[in-house]
């Protein structure tokens, strides 16, 4: 029971960190371009996870050798697979596309709205699963309908137009959904923390040419954005991802995804409290409906209950 409670607390903390990271991302674009900010924080996330991996590897090797589970050579070989490289490469490319779209979108929209729209990946993932011949539960179509209506209230203006930032966040939500499917494919084959570390490296590498060609920055600009960069790189990428990995070991998948979806709520709260962002009554109703859609998407099917 205590492990379950501890795991859920870790996931709640992860949701708080990820939600508040939208505020840090929005603050960072005051001095740095989207690709520069993304590139630097990705490299920081890569560096932060290296000692985590070394510590976990050391403890696992020591435990396995002492218990005689696997010879040392086989333990090391397990993580030197092509799947790890391929998975890290694909995850890194997709993450680069999703995070870049999201970071550019934050130039034009608020952190709160971006958090709620991004959370749509919870609804989008099962829909994309149709193309992989996966069955979609009937109740999910209710989630989709609610999400679309909530998105309409949150983003569509009286002139029936949608802001540039909102459109970019919607696209990024679809790409994040693809990112989840890629992780789902490789997570059973490789060490997830190692794959995450590699994906941050790839994301940073892909950001380099764009930040050099399309953006200009100085070391002074980087120093001015140091707090948002360090928060998103160290806390959001490194710490929060590790908390998620550990927390999910002791929490049911449905409960875990439900808790993590709270990042949308925390993004909205953080945007209002820290950035003094304003949200209309219409947008609040849209957020409530979208969050209801996210919750409904997590309801178990009759087969899962039985």
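General remarks:
- Residue that is surrounded by the most Cβ atoms within 10 Å (Cβ to Cβ), among those in the range 162-195 that are in a helix (DSSP H, G or I) and over 17 Å from the mean Cα position of the chain (by Cα): 166
- Some residue of the range 207-215 being more than 14 Å from the chain's Cα centre (by Cα), part of a loop (DSSP other than H, G, I, E, B) and modelled with pLDDT under 80: no
- Any chance residue 140 is at pLDDT 80 or above, assigned to a helix (DSSP H, G or I) and surrounded by 15 or more Cβ atoms within 10 Å (Cβ to Cβ): no
- Only one entry of 208, 262, 273 meets the criterion of being free of Cβ contacts under 8 Å to residues at least 60 places away in the same chain and farther than 22 Å from residue 53 by Cβ, and that entry is 273.
- Residue count, the range 227-255 (criterion: more than 15 Å from residue 47 (Cβ to Cβ), in a helix (DSSP H, G or I) and at pLDDT below 90): 9
The values are calculated or read from the model by the stated rules, or taken from the named source; none is laboratory data. Nothing here was measured: the structure is a model prediction, and the numbers come from that model. With ideal geometry, Cβ positions are generated from the backbone for all residues, glycine too; neighbour counts draw on all protein chains shown.
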